[in-house]
Amino acid sequence: MIARIKVGRFEAFPLSDGRFKLDGGAMFGVVPKRLWDRHDPADADNRIALNLGALLIRTPRGRNVLVDAGLSSKYDRNRKFLDIYAVDRPRTLREEMAELGVLPKDIRLVINTHLHFDHAGGDTEFGEGGLPAPAFPSARYLIQKNEWEDAQHPHERNKASYLDENYAILEERRLLELVDGEYEIEPGLTVIRSGGHTRGPQVVKIASEGETAIFLGDLIPTGSHLPLPYIMAYDLFPLGTLETKRALLKRALDEGWTLIFQHDVRRRSCKLGFKDGRYFAKSDAAAAVSSS
């Protein structure tokens, strides 16, 4: 069963390309392990399980929009990569899309929250001659301009996450749509540059008929990261993350938004609660739907 979130005239389906693991200390930054390990237990290598999440959006205009694209099969034979990140893909993004009757050729737009491999790896698959090719042949790829620039010139802190095979062909084929800041794709569907994690990440906001949902990317990767101090050590600009979280969560609480988490293995979405000075995930906002 695939979960569905209805937002006015939009439908949103949180999908997955499997799971992987990252260091728990890096995922929770300055928060002591004894606090985060209770709800996100670490393995023997101090890694926690994370979802390779994506979001399929069906718009009122009949377009299929995909937010992030998982990891892809390009790394299935890279044993070192699979071991480092404990990648487990028994069920893939393509298989989950197929359950909804959606094929790669049916995607008209791919929105990348940013270009790290666990978000943009699935932008390409190996094609003829074993070379990377666009995974969604009918789609354009929407990315923040700052994010694209940084992916072209990675430094020692982020170059392990920016892998050229995931996006270089998109520029060669003229499939990129670079935006600068907040940008409305169509009425009710907007990307907002969120800052913090990198110089140019973005979140995706869906608003229709008085309802709002927001796909949070790595700004708030899991429900465990809702408390304001819970910020990843991976974030290049953690104070930017803090201020963006503070403003976004206040508005989400006041206006009853649905939050959609990208990396949470236990919950894909929630309504927000607030108690004793802390935000928390109050209730799941998705309903199960049968496959097409």
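FYI, it's all coordinate maths here, none of it is from the lab. Note that the structure is a prediction, hence the values are computed from the model and not measured. We place every Cβ from the backbone using ideal geometry, glycine too, and count neighbours over all the protein chains shown.
For this structure, a couple of remarks:
- Computed over segment 179-292, the quotient of the alpha carbon radius of gyration and 2.2 N^0.38 Å is 1.05.
- Aspartates and glutamates with Cα under 16 Å of Lys245, excluding same-chain neighbours fewer than 8 positions away: Asp218, Asp235, Asp254, Glu255
- Shape index of segment 12-57: Rg/Rh, with Rg the Cα radius of gyration and Rh the Kirkwood radius from the inverse mean 1/r over Cα pairs, equals 1.09.
- For the residues Gly217, Gly195, Gly62, a GNM of the chain with alpha-carbon springs under 10 Å puts the largest fluctuation on Gly62.
- Length released on extending from Ser283 to Asp76, taking residue separation times 0.36 nm less the Cα-Cα span: 71.0 nm
- With K and R counted +1 and D and E -1, the other residues having a Cβ less than 10 Å from that of Thr190 yield a net charge of -2.
- Gaussian network model of the chain, springs between alpha carbon atoms under 10 Å - residue of Ala42, Ala151, Ala213 with greatest fluctuation: Ala42
- In this label model, Leu103 and Ala247 are separated by 4.3 nm, measuring between points 7 Å along each Cα→Cβ vector.
- Counted residue by residue at 0.36 nm each, then reduced by the alpha carbon distance between them, the extension gain from Arg91 to Ala168 reaches 25.1 nm.
- Distance (nanometres) between label positions extended 7 Å along Cα→Cβ at Glu255 and His153: 3.5
- For the pair Asp45 and Leu178, a Förster radius of 51 Å applied to the C-beta separation gives a FRET efficiency near 0.85, rounded to the nearest 0.05.
- For the chain, built as a Gaussian network whose Cα springs stay under 10 Å, the top-fluctuating residue of Val65, Val204, Val31: Val31
- Annotation for segment 150-258: GluC sites (Glu not before Pro) lying in DSSP loop with at most 14 further Cβ atoms inside 10 Å of their Cβ are Glu156, Glu182, Glu209.
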